[in-house]
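J.: Take this structure, written in structure tokens, and hold onto it; I'll ask about it next.
Derivation of every value follows stated rules applied to the coordinates shown; laboratory data play no part. Being a predicted model, the structure only gives us computed values, none of them experimental. All Cβ positions, even for glycine, are placed from backbone atoms using ideal geometry, and neighbour counts span all protein chains on display.
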Amino acid sequence: MKLSKRSSSLVATAIAAALVLSACGGDDADSGEGEGAATGGSYSLALYSDPENPLVPSNTTESEGAQVLEAIWTGLVQYAADGAVEYTGVAESIESEDNQTWTVTLNEGWTFHDGTPVTANSFVDAWNYAANSENAQGGSYFFSNIEGTPTCRRRPTTPAPSSAARSPRR
């Protein structure tokens with residue numbers, strides 16, 4: 001039986017999709033228990049277009065860049081589908097008695113990809129950089145209604161190196 005060009009394209013697309021989807025499945029024999037996190041390898045992310053700006057969180061205001069950043073960076077918290085805060089990120093807790101002064105307690109053991117520890121200063125430096133209009137970050141408007149911007153104050157127990165341009169990982 002000879003297929004038309006259109007039918008051949010549809011069959012080829014279906015086969016390619018089946019191969020891609022089967023690569024997403026895991027081995028039934030692998031329970032994942034007792035094993036550490038995998039290191040190395042690669043990660044693929046399908047986007048409808050390219051990010052508009054370099055991948056700097058404070059300068060990423062469109063969905064494509066945000067998707068990439070979410071895949072490679074870990075923030076303080078994540079949010080459930082219902083909007084509830086999930087402490088699955090760098091923050092152990094976020095507390096405030098007056099909704100003006102906040103205490104963010106970080107989980108231990110987080111480092112940047114180069115091994116530098118993630119500290120309170122890491123976040124303060126990033127927020128101050130983002131809030132400073134002289135840095136022309138697309139997301140700087142987010143900080144405009146916060147009293148005390150562009151200078152956040154940190155209160156860690158010990159000073160440590162920081163970086164606003166590295167991604168936390170555990």
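J.: Efficiency by 1/(1 + (r/R0)^6): what FRET value for Ser44 and Asn135, r their Cβ-Cβ distance, R0 = 30 Å, to the nearest 0.05?
T.: On the way: r = 32 Å, r/R0 = 1.05.
E between Ser44 and Asn135, to the nearest 0.05, is 0.40.
J.: Here is a further query. Can you give me the convex hull volume of the Cα atoms of the stretch 74-121, divided per residue and expressed in Å³? If you can, show how the numbers build up before the last one.
T.: Numbers: hull volume 3.8 nm³, N = 48.
It is 80 Å³ per residue.
J.: In the neighborhood of Leu76, defined by Cβ-to-Cβ distances under 12 Å, what is the net charge if each Lys or Arg adds +1 and each Asp or Glu adds -1?
T.: Working: positive: none; negative: Glu86, Glu92.
Spelling it out: positives minus negatives among the neighbours equals -2.
J.: Once amide H atoms are placed 1.01 Å from N in the peptide plane, what residues at a sequence separation of 5 or more from Gly75, or on another chain, have their amide H within under 5 Å of its amide H?
T.: Residues meeting the amide H criterion: Val90.
J.: Now a separate question. Run the numbers for Glu92 and Ile72: contour at 0.36 nm per residue of separation, minus the present Cα-Cα distance, in nm.
T.: Using 0.36 nm per residue and subtracting the Cα-Cα distance, I get 5.2 nm.
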